[in-house]
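Have a look at the structure below before the remarks.
None of the figures in this text is laboratory data; all of them are computed from the coordinates on show. Note that the coordinates shown come from a computational prediction; the quantities given were computed from them, not determined experimentally. Backbone-built Cβ (ideal geometry, glycine too); neighbour counts: all protein chains shown.
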Amino acid sequence: MEDELQLFTSRYQRFRPEQGAPVRTTVGKPRFPLPYELAGFARFLAPTYGMLKMAEGPYRHLYLERLEGIGVDLIAEQFAEIADYAGHDRLVLLCFCDLSVPPPDNWCHRRMFAAWWEEQTRHEVPELAERREPPAPTLFD
């Protein structure tokens, strides 16, 4: 399954089960009910509690330093374990961040990880698009 594994990112509130196996990448679990079960916890991707109040620059530096220290092989092993447990070759790495907010608050560790992983492995980690509801019918439809 490791060769076929595909990674995506999204946020807890936007994920839908048909997108793949949902994987937690956050220090804490969501405090709101999820309409799906998490397939696993990618603990190597989660920031520390201390990082949560950092500005983007120091956070990015520390987070990327942590990823480098852990390395691609250990992270790939963790992904393979989660994928095997979930029985799915599509993992969706989830966190709380809403990237649709305007700068400077639209950065997130899931996208920092995605860029780092793409640089290290040459495998793209796309952000799943926001689900768009079809417009309601109008009187003229």
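Things worth noting here:
- Shown for Tyr59, Tyr49: other C-beta atoms within 10 Å of each C-beta, ranked fewest to most, produce the order Tyr49, Tyr59.
- Relative exposure of Ile82, Ile70, judged by other C-beta atoms within 10 Å (fewest first): Ile70, Ile82
- Look at the alpha carbon pairs under 8 Å that are at least 6 residues apart: their mean separation over the length of the chain gives a relative contact order of 39 percent.
- Counting other Cβ atoms within 10 Å as a rough exposure proxy, the listed residues Met54, Met112 run Met54, Met112 from fewest neighbours to most.
- Within the chain, the ratio Rg/Rh, alpha carbon atoms throughout and Rh by Kirkwood, equals 1.01.
- Cβ charges +1 (Lys, Arg) and -1 (Asp, Glu), total dipole of the range 2-121, debye: 800
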